[in-house]
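Chemist: Encoded as structure tokens, here's the structure I'll be asking about.
Please treat every number below as a calculation from the coordinates, not as lab data. Everything quoted here is computed from the prediction, not taken from an experiment. Because the Cβ atoms are built from the backbone with ideal geometry, glycine has one as well, and the counts that use them run over all protein chains shown.
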Amino acid sequence: MRNILLIARREYLEQIRGKAFRITTIMIPVVFAGIMAVMILPSKYWTTQKDIVVAAQNPALAARLQQQLSADKDAKLTVGVLVPATEADRAKLHAEMDAKKIDGFLWVAAGADGKDVVTYVSRSAGDFTTDDRLDNDVNHALVERRLVTKGIPAAEVGPLTHRVDITTMVYRNGKEEPSSALSTLFFGEAMAFLLTFTVVMYGMNVGRSVIQEKTSRIFEVMLSTVKSTDMLAGKLIGIGAVGLTQILIWIVLGAVLLSSAFVEKWLSGEAKPQVSGVEILLLCIYFLLGYALYSALFAGLAATCDTEQELQQYAPLAAVPVWLSFGMFIYILGNPNSIWSVLISMFPPCAPITMAFRFSAQFPPLWQIALSLALLAVSIYIVLWLSSRVYRVGILMYGKRATLPEMIRWLRYS
Amino acid sequence: MPPVVALSHISKSYESKVAVEDLSLQIEPGSMFGLLGPNGSGKTSSIRMMIGITMPDSGSVSLFGKPYARESLKRVGYLPEERGLYKKMKVMEQLVFMGELRGLDKVTAGKRAHEWCEKLQIMEAVQKKTEELSKGMQQKIQFIATLMHDPELIVMDEPFSGLDPVNASLLQDTLIELKKAGKAILFSTHRMDQVEKMCDTICLIHRGHPVLQGGMREVKSRYERDHVAIDFEGDAGFLQHPAVESFKNYGGYAEIKLRPHADAQDLLRTAIAKAKIFRFELMEPSLEEIFIRTVGEKIDA
């Protein structure tokens, strides 16, 4: 035990003092904040002004539509009117779009069965937010006009078609709290980002550290006093402690930042992400277990390699679960309790990241957390068992990368 | 007093290759043991089994009179052939760390490291990072790390390889001092000429088999003194003497190999009669020659 702690302390001090630790401690949050800013800010502040034209036969309807669309502040539309519109006008509108004078036009025509047919022609495809708003506004205006044509006084139409906005609240810890999709997204992504980087980065770190000891030929010196399993354990503990230190630094920084006036202003109108102590504790546990899984794997693989380049070939083993988890991000946020969300959060390599997503969407049932932790623990035990055997033989083998059959033979060496 | 190391009929094979076969040896306290043989002959494999890095397939290892146990390693200092240091660590930190791993407390480790650094004249390097040091310096630090916990058994695999002559003799002197202090020392080397003077006991191994074993004097006495070195001036005609099997004449200095059981004294008489002799030395064969004669083939140096 004394030796394990000595090795862990050496490993911890070397990494904490290293340049890489300081750089990643600062850079990861900065990079993350940068990504979030790129994702959120432009759609919030820098959407471009759009010029569109409403073309209709009925002047009253066209005017109502113009009024409705212009009133929508978020849409940032400049709306022109063309009445009465004929087929020849359509060609003219096309010409204006070619000349980039307008971005699009709304064509309102009466269909054969008396229903209105509305077409939006635009220069850019796939502008979801504009489509959504047009849909809303056009329907609203059409309903109003139909009511008016049915003889309801115009003054009463307004209150009748009054819109209601839904306020979303989240029920957790026995309280209703305001929630917003944005802060959920932000929080889920922040936790997952943090976990991914630390788990995978420190897992790879262990691998690199093994390679360095191998190339510096320190192993045989160490093995004459220390058992190989003690070396492995000391290394995992030491580097894991470095990762935990980094996470704690971020949590403290994050708490300070979230309570600062700057964020208050930046998140104006958005609910602050709610993080409970239990979640932070679970986050740390998931970090430790996820880290143990990946680092044990990479320690074993690194022992079979001679250079970091060779180790890089195994990087997809870490990358694939990460892609898979992030690919499920939106789905899990929307359906945190569906069978797929539950299954992937049970799958050990994906569990730490996907559980972070689920925490941010809805706190999962305790048995699911317990089960996913248990599965993680079992898989760590298996990987560690295999890795320590490969490690023991591999660290004294120099020359070339071991093949799979060789590794399997090493497992049988006593 | 029991032998410090006793290997009894140990064997080890890897895959299809036999690394060591049926090796037995004993190392006494206060003696220097040379494990000699060409590259790839099984020296390192034997040493690894001796200190439990690998286990023998058959046979037994005992240290300090007891069957092998990890506990015994606290009394062993091992310097492997493939040796390294933590590059980013400072020399003093590194030595203290190694000392602590071998059971010393921090203060004692620091004190001993300091003493050794003074003795080996590397005080100016102790606050530097290992990667900033020359190769020779690093090797000295490795020696210190091996010796810091005052081990009773010192095992060094090719300790002289890569050392410049000054440092090699510094290490030799240190080892002889340790031997006089009662430590058992084993080292392996493929440079047999380097160690002739130092070893009390030797074991020559070839392709995993021990081929020649015993006290240095005893091994040498098994072989005839059949080499003559002569410094002379004048007629070299004595080189045609019937006792001479072959010779190399460098002009004023000649090396002669005698026929088996030839009379060297008669050769000397003939030489004195014909030339002026400054030196006539009847030499024992070198270890390297003994080895070559034993295995009957050339070794790579």
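Chemist: Can you give the angle from 0 to 90° between the axis of helix A:59-71 and the longest principal axis of chain A, with both taken from C-alpha atoms, to the nearest 10?
Modeler: 30 degrees
Chemist: About its Cα centre, how strong a charge dipole does chain B have in debye, to the nearest 20, once Lys and Arg get +1 and Asp and Glu get -1 at the Cβ? Don't jump to the answer; show the numbers that get you there.
Modeler: Values: 40 positive and 42 negative charges, 155 e Å.
Rounded to the nearest 20 debye, it is 740 debye.
Chemist: For n ≥ 4 DSSP H runs only, could you compute -39500 (n - 2.57) per run for chain A, divide by its residues and tell me the 222 nm figure to the nearest 500? Numbers along the way, then the final one.
Modeler: On the way: 18 runs with 281 residues, N = 414.
Mean residue ellipticity, 222 nm, calculated: -22500 deg cm²/dmol.
Chemist: Could you tell me what a quarter of the Cα convex hull surface of the range B:238-301 works out to, in nm² with one decimal place? All intermediate terms of the calculation are to be shown ahead of the outcome.
Modeler: Details: hull surface 21.2 nm².
Result: 5.3 nm².
Chemist: Additional query: Among the aspartates and glutamates, which fall within straight-line cross-link reach of B:Lys119, defined as a Cα-Cα distance under 17 Å, with same-chain neighbours fewer than 8 residues apart omitted?
Modeler: B:Asp150, B:Asp173, B:Glu177
Chemist: Treating only the Cβ of Lys, Arg, Asp and Glu as charged (+1, +1, -1, -1), what charge dipole size does chain A show about its Cα centre? Round to the nearest 20 debye. Could the numbers behind the result be given before it?
Modeler: Working: 38 positive and 33 negative charges, 321 e Å.
My answer is approximately 1540 debye.
Chemist: Also, quick follow-up: Under 14 Å between alpha carbons: how many lysine pairs meet that in the range A:48-165, if sequence neighbours fewer than 8 apart on the same chain are excluded? Intermediate values should be presented prior to the final figure.
Modeler: Numbers: A:Lys50/A:Lys73; A:Lys50/A:Lys76; A:Lys50/A:Lys100; A:Lys50/A:Lys101; A:Lys92/A:Lys100; A:Lys92/A:Lys101.
Counting lysine pairs in the range A:48-165 gives 6.
Chemist: Please tell me the relative contact order of the range B:5-215 in percent, rounded to the nearest whole number, where contacts are Cα pairs under 8 Å and at least six residues apart. Write out the running numbers ahead of the final one.
Modeler: On the way: 380 pairs, mean separation 70.6, N = 211.
This gives 33 percent for the range B:5-215.
Chemist: Each residue of the range A:351-367 in turn: what ³J(HN,Hα) in whole Hz from Karplus with 6.51, -1.76, 1.60 and θ = phi - 60°, glycine and Pro shown as x?
Modeler: Karplus-based 3J(HN,Hα) across the range A:351-367 equals 4, x, 6, 5, 5, 4, 4, 5, 4, 6, 7, 7, 5, x, x, 4, 5 Hz.
Chemist: Taking the dipole about the Cα centre of the protein assembly as shown, with the C-beta of Lys and Arg at +1 and of Asp and Glu at -1, give me whichever of B:Ile202, A:Leu333, A:Gly80 is farthest to the positive side.
Modeler: Going by the charge dipole, the pick is A:Leu333.
Chemist: What distance in nm lies between label points placed 7 Å from Cα along the C-beta direction at B:His209 and A:Val83?
Modeler: Those two pseudo-labels are separated by 11.2 nm.
Chemist: Taking 0.36 nm per intervening residue step and subtracting the Cα-Cα distance, what contour gain separates B:Phe278 from B:Arg191 on full extension? Please list the in-between numbers first.
Modeler: Details: separation 87, 0.36 × 87 = 31.32 nm, distance 3.06 nm.
Stretched fully, the B:Phe278-B:Arg191 segment lengthens by 28.3 nm.
Chemist: Give me P(r) over the protein assembly as shown, computed from all C-alpha to C-alpha distances, binned every 10 Å, as integer percentages.
Modeler: 2, 11, 15, 15, 13, 11, 9, 7, 6, 5, 3, 2, 1, 1, 0, 0
Chemist: Residues with amide H under 5 Å of B:Leu186's amide H, sequence separation 5 or more or different chain, H placed in the peptide plane at 1.01 Å from N; which?
Modeler: Those qualifying (amide H under 5 Å, at least 5 residues apart or on another chain) are B:Phe33, B:Ile154, B:Val155, B:Met156.
Chemist: Using a Gaussian network model on chain B with a 10 Å cutoff between Cα atoms, which of B:Ala109, B:Ala125, B:Ala275 fluctuates the most?
Modeler: B:Ala275
Chemist: To make sure I understand, if each residue's beta carbon is the centre and we count other beta carbons within 10 Å, what order do A:Tyr314, A:Tyr120 fall in, fewest to most? Let's see the in-between values first.
Modeler: Values: A:Tyr314 19, A:Tyr120 15.
Lowest count first: A:Tyr120, A:Tyr314.
Chemist: Can you check what the net charge comes to around B:Arg75, using other residues whose Cβ is under 13 Å from the Cβ of B:Arg75 (Lys, Arg +1; Asp, Glu -1)?
Modeler: Values: positive: B:Lys66, B:Arg70, B:Lys74, B:Arg102, B:Lys183; negative: B:Glu71, B:Asp150, B:Glu152.
Here the charged neighbours net out to +2.
Chemist: Another one. Convert each backbone phi in the range A:376-393 into a coupling constant with the Karplus relation 6.51 cos²θ - 1.76 cosθ + 1.60 (shift: θ = phi - 60°), then list the ³J(HN,Hα) values in order as whole Hz, x for Gly and Pro.
Modeler: Result, ordered by residue: 4, 4, 5, 5, 4, 4, 5, 4, 5, 4, 5, 4, 5, 6, 5, 4, 4, 7 Hz.
Chemist: Cross-link partners among aspartates and glutamates for B:Lys276, C-alpha distance below 14 Å, same-chain residues fewer than 8 apart left out?
Modeler: List returned: B:Asp231, B:Glu233, B:Asp235.
Chemist: Another question about this same structure. Would you mind getting me the FRET efficiency between B:Glu233 and B:Ser169? Use the beta-carbon distance for r and R0 = 25 Å, nearest 0.05.
Modeler: Details: r = 34 Å, r/R0 = 1.35.
Given R0 = 25 Å and the Cβ-Cβ separation, E is 0.15.
Chemist: Would you work out which of A:Ser70, A:Gln309, A:Leu5 lies farthest towards the positive end of the dipole of chain A? Charges go on Cβ: Lys and Arg +1, Asp and Glu -1.
Modeler: After comparing all options, I get A:Leu5.
Chemist: Averaged across the residues of A:221-232, what count of C-beta atoms belonging to other chains lies within 10 Å of each residue's C-beta? Could the numbers behind the result be given before it?
Modeler: Values: counts 13, 5, 8, 15, 12, 4, 3, 1, 0, 1, 0, 0.
Mean partner shielding for this stretch: 5.
Chemist: Now a separate question. Rank these for me by crowding, B:Tyr86, A:Tyr294, going from fewest to most other beta carbons within 10 Å. Please report the intermediate quantities before stating the final value.
Modeler: Numbers: B:Tyr86 22, A:Tyr294 26.
Ranked by crowding around the Cβ, least crowded first: B:Tyr86, A:Tyr294.
Chemist: Would you calculate the separation in nanometres between label points at A:Ala95 and B:Asn39, each defined as 7 Å from the Cα along the Cα-to-beta-carbon direction?
Modeler: Output for this residue pair reads 8.8 nm.
Chemist: Out of the chymotrypsin sites (Phe, Trp or Tyr not before Pro) in the range B:152-259, which ones are loop residues according to DSSP with at most 12 other C-beta atoms within 10 Å?
Modeler: On the way: sites: B:Phe160, B:Phe187, B:Tyr223, B:Phe232, B:Phe238, B:Phe247, B:Tyr250, B:Tyr253; in loops: B:Phe160, B:Tyr223, B:Tyr250.
Answer in residue order: B:Tyr250.
Chemist: Which distance in Å, rounded to a whole number, links the C-alpha centroids of the range A:219-252 and the range B:119-187?
Modeler: Taking the Cα centre of the range B:119-187 as reference, the centre of the range A:219-252 is 29 Å away.
Chemist: In the range B:224-300, which GluC sites (Glu not before Pro) are in a loop and have at most 11 other Cβ atoms within 10 Å, using DSSP for the loop call? Walk me through the intermediate numbers first.
Modeler: Details: sites: B:Glu224, B:Glu233, B:Glu245, B:Glu255, B:Glu281, B:Glu288, B:Glu289, B:Glu297; in loops: B:Glu224, B:Glu297.
Here the GluC sites (Glu not before Pro) that fit, given the DSSP loop and packing criteria, are B:Glu297.
Chemist: Something else about it: Please report how far the C-alpha centroid of the range B:252-295 lies from that of the range B:83-116, rounded to the nearest whole angstrom.
Modeler: Between the Cα centres of the range B:252-295 and the range B:83-116 lies a distance of 52 Å.
Chemist: Using Cα pairs under 8 angstrom and six or more residues apart, how large is the relative contact order of chain A, in percent? Mind showing how you got there, number by number?
Modeler: Values: 459 pairs, mean separation 72.8, N = 414.
Relative contact order of chain A: 18 percent.
Chemist: Continuing with this model, one more query. In the Gaussian network model of chain B, springs joining C-alpha atoms below 10 Å, which of B:Ile51, B:Ile256, B:Ile290 carries the largest mean-square fluctuation?
Modeler: B:Ile256
Chemist: Follow-up question, since we're still on this one. Quick query: amide H of B:Glu28 versus all other amide H atoms, modeled in the peptide plane; which residues come in under 5 Å with a sequence gap of 5 or more or a different chain?
Modeler: B:Val4
Chemist: Given the rule -39500 (n - 2.57) for each run of at least 4 DSSP H residues, summed and divided by the residues of chain B, what is its mean residue ellipticity at 222 nm, to the nearest 500 deg cm²/dmol?
Modeler: -9000 deg cm²/dmol
Chemist: Sort B:His227, B:His149 so that the residue with the fewest other Cβ atoms within 10 Å of its own Cβ comes first and the one with the most comes last.
Modeler: Values: B:His227 18, B:His149 21.
By the 10 Å Cβ count, ascending: B:His227, B:His149.
Chemist: Tally Lys/Arg at +1 and Asp/Glu at -1 over every other residue whose Cβ is under 12 Å from the Cβ of A:Val138; what's the total? Let's see the in-between values first.
Modeler: On the way: positive: A:Arg64, A:Arg133, A:Arg145; negative: A:Asp72, A:Asp116, A:Asp131, A:Asp132, A:Asp135, A:Asp137, A:Glu144.
Net charge in that neighbourhood comes out at -4.
Chemist: Under the Kirkwood approximation applied to all pairs of distinct alpha-carbon atoms, what is the hydrodynamic radius of the range B:131-242 in Å? Don't skip to the end; give the middle numbers.
Modeler: Values: mean 1/r = 0.0581 Å⁻¹.
One over the average 1/r among Cα pairs gives 17.2 Å for the range B:131-242.
Chemist: So which lysines can B:Lys129 reach, going by Cα to Cα under 16 Å and dropping same-chain residues fewer than 8 places off?
Modeler: Here the lysines satisfying the reach criterion relative to B:Lys129 are A:Lys19, B:Lys87, B:Lys88, B:Lys90, B:Lys140.
Chemist: Follow-up. Could you work out the relative contact order of the range B:227-283, using alpha carbon pairs under 8 angstrom and six or more residues apart, expressed as a whole percent?
Modeler: Numbers: 99 pairs, mean separation 29.7, N = 57.
Once normalised by length, the contact order is 52 percent.
Chemist: Another question, then. Evaluate the distance, in nm, between pseudo-label points positioned 7 Å from the Cα of A:Thr168 and of A:Met1 along their respective Cα→Cβ axes.
Modeler: My value for the distance between the label points is 5.0 nm.
Chemist: Are there chymotrypsin sites (Phe, Trp or Tyr not before Pro) in the range A:1-102 that DSSP marks as loop and that have at most 15 other Cβ atoms within 10 Å, and which are they?
Modeler: Numbers: sites: A:Tyr12, A:Phe21, A:Phe32, A:Tyr45, A:Trp46; in loops: A:Trp46.
Listed in order of number, the matching sites are A:Trp46.
Chemist: Once amide H atoms are built 1.01 Å from N in the peptide plane, which residues 5 or more positions from A:Asp116, or in another chain, come under 5 Å H to H?
Modeler: HN-HN under 5 Å from A:Asp116: A:Gly111.
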